[in-house]
Amino acid sequence: YQHIEGPDHFSDRMIRGLVAGPNGSLWAGCSTGLYRIDRPDSDRPEAVRVIAGSDIQGLYVASDGIVWAGSTTGRLFRIEANQVTNIEVPFGPAMVFSLAGGRNGDLLVGAFGKGVHRYSPKSVTWTQ
């Protein structure tokens, strides 16, 4: 096993999700935010905080390399080329627990007590 260091005592945080990202990176959703680990197989991997202050639960990496993250405070984030975009969710403040890829590049969003919603990044629309 290898211990990974990072900001804000990363190693002491509750890890809620892990996904392999583009370019061999590893993404960790934690109780304190979203972290990117660029060289997880190196001798000294280090975590970099990408999103602070959100309890990240759901993670998904699309085939185009875009990283999606959902928080327990009902927020959805799109991360592309180190730019974070907050996507407005129509179902109110509900915990976003799970994310998955749908047909035609859509994103399926599972929210606590609100069911599954479909988000189309192409048309920027939501359906339930």
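The values are calculated or read from the model by the stated rules, or taken from the named source; none is laboratory data. Because the structure is a prediction, the values reported are computed rather than measured. Virtual Cβ from ideal backbone geometry, glycine too; neighbours counted across all protein chains shown. In case anyone asks, the SASA skips ligands and DNA or RNA and just uses the protein heavy atoms, side chains included. Shrake-Rupley method; radii C 1.70, N 1.55, O 1.52, S 1.80 Å.
Here are some notes:
- Inside region 67-89, residues that are over 15 Å from GLY33 (Cβ atoms) and touching a residue at least 40 places away in the same chain (Cβ under 8 Å) make up a count of 1.
- Region 34-73, subset modelled with pLDDT under 90 and of a type in the set (Gly, Ala, Ser), residue surrounded by the most Cβ atoms within 10 Å (Cβ to Cβ): ALA47
To keep it simple, each residue is scored yes or no on (1) part of a loop (DSSP other than H, G, I, E, B); (2) over 11 Å from the mean Cα position of the chain (by Cα); (3) among the basic types (Lys, Arg).
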residue	(1), (2), (3)
TYR35	no, no, no
SER42	yes, yes, no
VAL48	no, yes, no
GLY58	no, no, no
THR73	yes, yes, no
ARG78	no, no, yes
THR85	no, yes, no
PHE91	yes, yes, no
HIS117	no, yes, no
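- ALA81 being among the hydrophobic types (A, V, I, L, M, F, W, C) and open to solvent by 60 Å² or more (accessible area, probe 1.4 Å): yes
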